[in-house]
1. Expressed as an acute angle from 0 to 90° and rounded to the nearest 10, what is the orientation of the C-alpha long axis of helix 50-63 relative to the principal long axis of the chain?
2. Using only the Cα atoms of the stretch 49-159, build the gyration tensor, take square roots of its eigenvalues as a ≥ b ≥ c, and label the shape rounded, prolate or oblate: rounded if a/c is under 1.5, else prolate if a/b is larger than b/c, else oblate.
3. Rounded if a/c is under 1.5, else prolate if a/b is larger than b/c, else oblate: which is the stretch 164-211, with a ≥ b ≥ c the root eigenvalues of its Cα gyration tensor?
4. Could you calculate the contour length gain from residue 73 to residue 321, that is, 0.36 nm times the residue separation minus the distance between their Cα atoms, to one decimal place in nm?
5. Over the chain, calculate the relative contact order: mean separation of alpha carbon pairs under 8 Å at least 6 apart, over the residue count, as a percent.
6. For a bin width of 10 Å, list the pair-distance distribution of the stretch 2-200 built from all Cα-Cα distances, rounded to whole %.
7. Run lengths n ≥ 4 of DSSP H only: what is the helix-derived mean residue ellipticity at 222 nm for the chain, with -39500 (n - 2.57) per run over all residues, to the nearest 500?
8. Can you work out the base-10 log of I(q)/I(0) for the stretch 164-275 at q = 0.14, 0.16, 0.24 1/Å, using the Debye formula on its C-alpha atoms alone?
């Protein structure tokens with residue numbers, strides 16, 4: 001099989017290419033250039049930066065495979081970066097990895113790979129594809145639960161799953177690194193970025209100051225009754241559930257409850273004020289093309305690092321109402337809620353609003 005591997009310069013995609021080569025496939029590398037910088041520019045980090053591009057090229061040479069660059073910075077700017085900025089400017093907390101997967105990796109990159117004669121596109125995502133007796137694919141969680149990335153992949157379609165491979169999804173992260181070290185790959189010990197990859201130096205404040213200055217304009221921090229408690233540095237720098245960076249002196253821990261761009265205020269309160277029993281979500285996407293039903297039970301993840309929460313789901317067109325069996329903490333508009341049936345990803349939607357706060361006893 002002729003397979004294109006989306007090589008980011010990281011250890012996972014490097015090992016994905018290695019594994020496919022060892023299985024006897026005809027493999028070539030594809031690396032997206034997502035930022036308009038030259039080879040000497042440090043630029044953004046992670047999968048967008050020049051260092052990552054150089055590492056991907058070096059790994060391809062080590063593996064003896066051809067390596068192709070694909071300039072996508074204009075499309076990436078329009079589809080991912082601009083949306084990221086506009087969401088922060090509206091007081092929401094966006095999830096750029098979801099949009100990058102949707103528009104860049106499994107749209108443009110897959111399409112271009114197919115245009116080069118590839119039968120499939122492989123990535124280094126920690127996820128798996130399971131096929132039923134008729135060969136129909138489902139997206140399922142990775143073997144390594146701590147590294148599972150299916151939360152970010154819920155906008156995939158069944159058609160895309162038919163032409164995508166996740167070679168490392170059945171391995172733990174340590175097993176992946178061991179394979180890379182045994183083969184002396186340049187990416188073997190590269191660290192994972194914890195920041196948004198296209199924000200230089202991880203400095204969100206500087207990034208928003210340049211692109212959305214109103215989102216980093218100081219304003220009042222208030223409690224639930226509107227009493228001013230202090231001053232924030234800009235509503236775009238705060239998200240629901242945040243505790244650090246408030247600069248308040250209070251006798252108990254204080255958390256962000258809401259961000260209001262219209263009044264340029266950040267509302268804070270106690271930890272128990274963050275609990276909500278339900279949420280409304282919009283922009284729903286179902287991997288099979290339709291929801292399992294107008295009403296169904298599922299396990300929902302409201303953040304990539306959150307544990308799954310049992311819930312009842314009601315579907316009304318593009319509007320989703322989720323009622324949790326137990327209240328959930330810090331539901332942030334703009335983030336994704338992703339639904340699972342066991343290990344199988346059903347689909348997901350964008351959190352629009354949290355229901356009324358449910359205070360603890």
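Throughout, read-outs are computed from the coordinates displayed, never taken from laboratory work. Here the structure is a predicted model, which means the values were calculated and not measured. With ideal geometry, Cβ positions are generated from the backbone for all residues, glycine too; neighbour counts draw on all protein chains shown.
1. 30 degrees
2. On the way: a/c = 1.60, a/b = 1.07, b/c = 1.49.
It is oblate, given that a/c is not under 1.5 and a/b is not larger than b/c.
3. Numbers: a/c = 3.77, a/b = 2.37, b/c = 1.59.
Verdict is prolate for the stretch 164-211.
4. Values: separation 248, 0.36 × 248 = 89.28 nm, distance 3.60 nm.
Stretched out fully, the residue 73 to residue 321 stretch lengthens by 85.7 nm.
5. Values: 802 pairs, mean separation 56.7, N = 361.
It comes to 16 percent, rounded to a whole number.
6. The calculated distribution, bin by bin, is 9, 36, 40, 14, 2, 0.
7. Numbers: 9 runs with 70 residues, N = 361.
Calculated from helices alone, the mean residue ellipticity at 222 nm is -5000 deg cm²/dmol.
8. -0.71, -0.78, -1.31
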